[in-house]
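Engineer: Provided herewith is a single structure, encoded as structure tokens, for subsequent inquiry.
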Amino acid sequence: MVRRALIALIATVGLIAPAVPAAASDKSLLQEKLDAVHAAGMPGAFAEVRDGKKTLRLTTGVSDVATGEPVRDGLRHRVGSISKTFLATTVLQLSGERRLDLDAPIGRYLPRLVPADVGRRVTLRTLLNHTSGIGDYDTELLKTAEDIITLCERTYRPEQLVRIGLAAPPTEPGVYSYSNTNYVLAGLIVEKVTGHSYRGEIGRRILQPLGLRDTYFEGTDPLIRGPHMHAYVPWTDGELRDFTRCNMSWGWAAGEIVSTARDLNVFYRALLTGRLLKPSLLAQMKTTTGVDGYGLGLYYVDLPCGRIWGHDGGTIGHQTVSWHSPDGVRQVTYAQSMAFYQTSPTEPHPIDVAASDFLVTALCGDQAVTRKSSYVEPFRTR
């Protein structure tokens, strides 16, 4: 969700070898890799790694730096832009039911909200794959450190977020450019065509059928319900500032979901194995816009063991990566409790190098440690 100061490159290492079982049987190796993230400076992190029916749950560091309470399994977490996969899945289901048309101009659905030229040019599909050319409201709301405080204290309406995005500098139509405004518009279209809240549609179509009881929409409530890690940002005085209390209305359909590692793994396995979408719709979701590898609310990265699908997300302090093999057999969902810590525009931070090492090892097993290591940017969308 939130724009990050990560380096711009993503090292996609290609299909070097056939996939091997993940390191799910080697808990000590994965624990060592996760502990390295904490040693590099991350206050706390947790992950769930799956290889078929085998599941490992790992934690490191502390949930609260003030009390020293250790991170434990099963914590809830703000997952940011991973919310986009839930929304895109719902949009595709509605498309399959012929209740909306992915290639219709969005002016058909929101004639009073978007300017006429935008309404004619932009389609729902280009919203979902970020080729609409509409600017990102996120960049307008977050320009200084003090803006973070304002963001967490203020309540925003989705229409207000759209207007901010439409007033932001546009990008080139037809060319991938990540914009949270796209998904706020998509959420409003879902509400328009169904007559229900987008939250209610996702709940009825995804959360309830899959039993995702620890996944919910935070909205204007500044507190995360249930056990969770605190959310930190290194502040201008050199100290960690706690942003656990934060009004997430600024994320809305683009990134307001709270979930757990377990729930996200269940969701992505169901998605990738065809439980939520027919093959033709899943194929559309995985049709990418080019070198960026972004489809419809889903992207891929190429690791030593093959192509991996998923999404990542960041909010004020909480960040998450959820990556999965195409068949949903090998899975990892990883969460950490600090954001905005990068200091160099050209070199990856040691935390990101360690997180990348953990993620690749979790999915690729021995290939990640026996082959020449490659850095893969964990938080590639924001």
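The values are calculated or read from the model by the stated rules, or taken from the named source; none is laboratory data. For clarity, every value in this text was computed on a predicted model and none was experimentally measured. A quick note on method: Cβ atoms are made from the backbone with ideal geometry, for glycine too, and the neighbour counts reach across all protein chains shown.
Engineer: For region 326-351, which positions are buried (at least 24 other Cβ atoms within 10 Å of the Cβ) and farther than 20 Å from S63 by Cβ?
Structural biologist: Matches in region 326-351: R330, Q331, V332.
Engineer: Sticking with this one: Take the conditions surrounded by 15 or more Cβ atoms within 10 Å (Cβ to Cβ) and modelled with pLDDT of 95 or more and apply them to R3. Does it pass?
Structural biologist: Values: surrounded by 15 or more Cβ atoms within 10 Å (Cβ to Cβ): yes; modelled with pLDDT of 95 or more: no.
Here the answer is no, as R3 does not meet what is asked.
Engineer: In addition: Do we have any residue at all in region 271-285 that's in a loop (DSSP other than H, G, I, E, B), of a type outside the set (A, V, I, L, M, F, W, C) and crowded, with 19+ Cβ neighbours inside 10 Å?
Structural biologist: The first filter runs over region 271-285 and keeps only residues in a loop (DSSP other than H, G, I, E, B), leaving 273-278.
Keeping just the survivors that are of a type outside the set (A, V, I, L, M, F, W, C) gives 273-275, 278.
Then drop every residue that is not crowded, with 19+ Cβ neighbours inside 10 Å, which leaves none.
Within region 271-285 (the criterion being in a loop (DSSP other than H, G, I, E, B), of a type outside the set (A, V, I, L, M, F, W, C) and crowded, with 19+ Cβ neighbours inside 10 Å), the answer is no, since none of the residues qualifies.
Engineer: Okay, next question. Please go through region 28-67 and pick out each residue that is part of a strand (DSSP E or B) and of a type in the set (S, T, N, Q).
Structural biologist: As a first pass, look at region 28-67 and keep what is part of a strand (DSSP E or B): 44-51, 54-64.
Selection gives T55, T59, T60, S63.
Engineer: Which one is farthest from R50 (Cα to Cα) among residues in region 313-328 that are assigned to a strand (DSSP E or B) and out of contact with any Ser or Thr (no Cβ under 6 Å at 6 or more places or on another chain)? Before you say what the answer is, go through the steps one by one.
Structural biologist: Narrowing region 313-328 to residues assigned to a strand (DSSP E or B): 313-314, 319-324.
From what is left, the residues that are out of contact with any Ser or Thr (no Cβ under 6 Å at 6 or more places or on another chain) are 314, 319-321, 323-324.
Working: G314: 22, Q319: 20, T320: 16, V321: 14, W323: 11, H324: 9 Å.
It comes out as G314.
Engineer: Quick one: which of P227, P234 is under 14 Å from F46 (Cα atoms) and over 18 Å from the mean Cα position of the chain (by Cα)? Spell out the reasoning first.
Structural biologist: On the way: P234 fails: under 14 Å from F46 (Cα atoms).
Just a single option satisfies the conditions, and that option is P227.
Engineer: In region 62-119, which residues are of a type in the set (K, R) and within 24 Å of the chain's Cα centre (by Cα)? It would help to see each step written out before you state the result.
Structural biologist: Of all residues in region 62-119, those of a type in the set (K, R) come to 72, 76, 78, 84, 98-99, 108, 112.
Once the filter is applied, which keeps residues that are of a type in the set (K, R) and within 24 Å of the chain's Cα centre (by Cα), region 62-119 yields R72, R76, R78, K84.
Residue-by-condition table, conditions (1) out of contact with any Phe, Trp or Tyr (no Cβ under 6 Å at 6 or more places or on another chain); (2) crowded, with 21+ Cβ neighbours inside 10 Å; (3) free of Cβ contacts under 8 Å to residues at least 60 places away in the same chain; (4) in a helix (DSSP H, G or I):
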residue: T90; (1), (2), (3), (4): yes, yes, no, yes
residue: R98; (1), (2), (3), (4): yes, no, yes, no
residue: R120; (1), (2), (3), (4): yes, no, yes, yes
residue: D147; (1), (2), (3), (4): yes, no, yes, yes
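Engineer: Which number in (1) under 24 Å from the mean Cα position of the chain (by Cα); (2) modelled with pLDDT of 95 or more; (3) not in a strand (DSSP E or B) marks the one condition that A11 misses?
Structural biologist: The one condition A11 does not meet is (2).
Engineer: Being among the hydroxyl-bearing types (S, T, Y) and within 30 Å of T155 (Cβ to Cβ) is the filter here; which residues of region 256-286 pass it? Step through it out loud before you land on a result.
Structural biologist: In the first step, residues of region 256-286 are kept if they are among the hydroxyl-bearing types (S, T, Y); the result is 259-260, 268, 273, 280.
If the condition is that a residue be among the hydroxyl-bearing types (S, T, Y) and within 30 Å of T155 (Cβ to Cβ), then S259, T260 are the ones that fit.
Engineer: I would also like to ask the following. Would you confirm, using the coordinates I've provided, whether D292 is acidic (D, E), closer than 24 Å to T126 by Cα and in a strand (DSSP E or B)? Break it down into steps so the answer makes sense when it comes.
Structural biologist: On the way: acidic (D, E): yes; closer than 24 Å to T126 by Cα: yes; in a strand (DSSP E or B): no.
When the stated conditions are applied, D292 does not pass them.
Engineer: Consider G44 carefully, then state whether it is at positive phi, in contact with a strand residue (DSSP E or B) (Cβ under 7 Å, 6 or more places away or on another chain) and crowded, with 19+ Cβ neighbours inside 10 Å.
Structural biologist: Answer is no for this residue.
Engineer: Does region 120-155 hold any residues that are hydrophobic (A, V, I, L, M, F, W, C) and either under 16 Å from E172 (Cα atoms) or over 23 Å from the mean Cα position of the chain (by Cα) (or both), and which are they?
Structural biologist: Restricting attention to region 120-155, the residues satisfying the condition of being hydrophobic (A, V, I, L, M, F, W, C) are 122, 124, 127-128, 134, 141-142, 145, 148-149, 151-152.
Answer for region 120-155, where residues must be hydrophobic (A, V, I, L, M, F, W, C) and either under 16 Å from E172 (Cα atoms) or over 23 Å from the mean Cα position of the chain (by Cα) (or both): V122, L127, L128, I134.
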